[in-house]
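The values are calculated or read from the model by the stated rules, or taken from the named source; none is laboratory data. Keep in mind that what you see is a predicted model, and the values were worked out from it rather than measured. Neighbour counts are summed over all protein chains in view; Cβ atoms, including those assigned to glycine, are modelled from backbone coordinates with ideal geometry. Just so you know, the surface numbers come from the protein's heavy atoms only, side chains and all, with ligands and any DNA or RNA stripped out. Shrake-Rupley method; radii C 1.70, N 1.55, O 1.52, S 1.80 Å.
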Amino acid sequence: MVSVGLLLMRLVIGIAFIGHGSQKLFGWFGGYGPKGTGGWMEPIGIKPGVLMAVMAGLMELVGGLLFAAGLLTPVAAVLIAAAMLGAIVKVHAPNGFWSTANGIEFPLTLLAVAVGVALAGPGSISLDALLFN
């Protein structure tokens, strides 16, 4: 049952990151694409905006794909954690802890799940288990 739990966490978090990366890179799912996201990033000090939007989108998309599949899980977790650290420092930290105030609560939770799964391992229902065990 542990592997089913790990699979559930990997899929939910991975798919969410696939979506967020796709918003930044392609403008899908209500996103603004690189230009729009970059235009939002520049005024808060994330420069150059378009390049940083593409980098954040790639970390989220690739990290999400790998995490959901349980492939190179530590690499996936580092990509997700790096994206969330950036979001925490540049966007959420000034607002405190709680999500209701756009604080760090939710990105910190995502970061903790990604790191926790990487430390625990992706479980037996993963491409890592299939390819490397």
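Out of ALA77, ALA129, ALA69, which single residue is under 25 Å from MET1 (Cα atoms), out of contact with any helix residue (DSSP H, G or I) (no Cβ under 7 Å at 6 or more places or on another chain) and not aromatic (Phe, Trp, Tyr)?
Numbers: ALA77 fails: out of contact with any helix residue (DSSP H, G or I) (no Cβ under 7 Å at 6 or more places or on another chain); ALA69 fails: out of contact with any helix residue (DSSP H, G or I) (no Cβ under 7 Å at 6 or more places or on another chain).
Just one listed residue meets the conditions, ALA129.
Filtered by the rule that a residue be touching a Gly at 6+ places or on another chain (Cβ under 6 Å), surrounded by 15 or more Cβ atoms within 10 Å (Cβ to Cβ) and not in a helix (DSSP H, G or I), segment 77-133 gives GLY103, PRO122, SER126.
ALA76 passes every criterion in (1) over 17 Å from the mean Cα position of the chain (by Cα); (2) in contact (Cβ under 8 Å) with a residue 60 or more places away in the chain apart from (1).
Inspect all residues belonging to segment 53-61 and state whether any of them is β-branched (Val, Ile, Thr) and within 16 Å of ILE13 (Cα to Cα). Explain how you work it out, then say what you get.
Going through segment 53-61, the residues β-branched (Val, Ile, Thr) turn out to be 54.
Remaining after also requiring within 16 Å of ILE13 (Cα to Cα): none.
No: zero hits.
Given the options GLY63, GLY21, GLY57, name the one that is open to solvent by less than 40 Å² (accessible area, probe 1.4 Å), within 12 Å of the chain's Cα centre (by Cα), modelled with pLDDT of 95 or more and under 16 Å from ASP128 (Cα atoms).
One residue alone meets the criteria, GLY63.
Of the residues making up segment 26-52, those that are open to solvent by less than 30 Å² (accessible area, probe 1.4 Å), in contact (Cβ under 8 Å) with a residue 12 or more places away in the chain and within 27 Å of VAL115 (Cβ to Cβ) are THR37, MET41, ILE46.
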